Amino acid sequence: MSTETRPVEPMALSEATLQRFAREVAKYPPEQKQSAVMACLAIVQQEQGWVSPAAELAVAQYLDMAPMAVHEVTTFYNMYNQQPVGRFKLNVCTNLPCALRDGTKTLRYLADKLGVEPGGTSADGCFTLQQSECLGACADAPVLLVNDRHMCSFMTPERLDQLIEGLRAVAQAEDQA
Ligand code: FES
């Protein structure tokens, strides 16, 4: 079997995406347009669901940045998906303060409930489960973040059951809409 890997080509950016990029770049002096890198990556993720290597290259080209510098941003922040994810991304904090208050058990509970190991996506494509670094809400442990936006605190098994049930209902309603 050949081990040759094909070089990645930059993703083609739509006119609408380019306009959104331009709006972000305009917030900075021309010589500092690279400051828009996080915003551009967020736009790509919003539109594509994840930041592919091809998308990283397109952002790098647009901002005149080294591709590795863009990759460093993508890999540094938890919020950027480096592979396609399910409809709901669940980031469970397992750093020490949370681990001392059932953070690890919470991750395991969800893994068993959803039938997916951390880092994976459920067979129905609904949930991606991820282990997370500190989410800045240690006093509310165990905590998890849904889709990088909604913080859920004090997540007992009962509250986890309610959360999953609620998210499944949202998915069902969206599918029927
Ligand atoms: S250690 Fe979990 S939120 Fe800080």
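Side notes on the structure shown:
- Every condition in (1) in contact with a helix residue (DSSP H, G or I) (Cβ under 7 Å, 6 or more places away or on another chain); (2) closer than 17 Å to F127 by Cβ is met by N91 except one, and the failing one is (1).
- Residues satisfying the stated conditions in region 26-40, i.e. touching a helix residue (DSSP H, G or I) at 6+ places or on another chain (Cβ under 6 Å) and either free of Cβ contacts under 8 Å to residues at least 24 places away in the same chain or surrounded by 20 or more Cβ atoms within 10 Å (Cβ to Cβ) (or both): Y28, K33, A36, V37, A39, C40
- Tally of residues being farther than 16 Å from D102 by Cβ and surrounded by 12 or more Cβ atoms within 10 Å (Cβ to Cβ) across region 151-165: 3
- Note on region 121-145: residues that are under 19 Å from the mean Cα position of the chain (by Cα) and crowded, with 16+ Cβ neighbours inside 10 Å total 14.
- Pairs with Cβ under 6 Å, 6+ apart, first in region 56-83 and over 19 Å from D148 (Cβ atoms), second aromatic (F, W, Y): Y62/F21
- Only a single item in (1) surrounded by fewer than 19 Cβ atoms within 10 Å (Cβ to Cβ); (2) under 15 Å from S35 (Cα atoms); (3) in contact with a helix residue (DSSP H, G or I) (Cβ under 9 Å, 6 or more places away or on another chain) is not met by E72, and it is number (3).
Taken together, the values in this text are just the output of simple stated rules run on the coordinates, not laboratory data. Just so you know, these numbers come straight off a predicted model, no measurement behind them. Cβ sites come from the backbone with ideal geometry, for glycine too, and all protein chains shown count toward neighbours.
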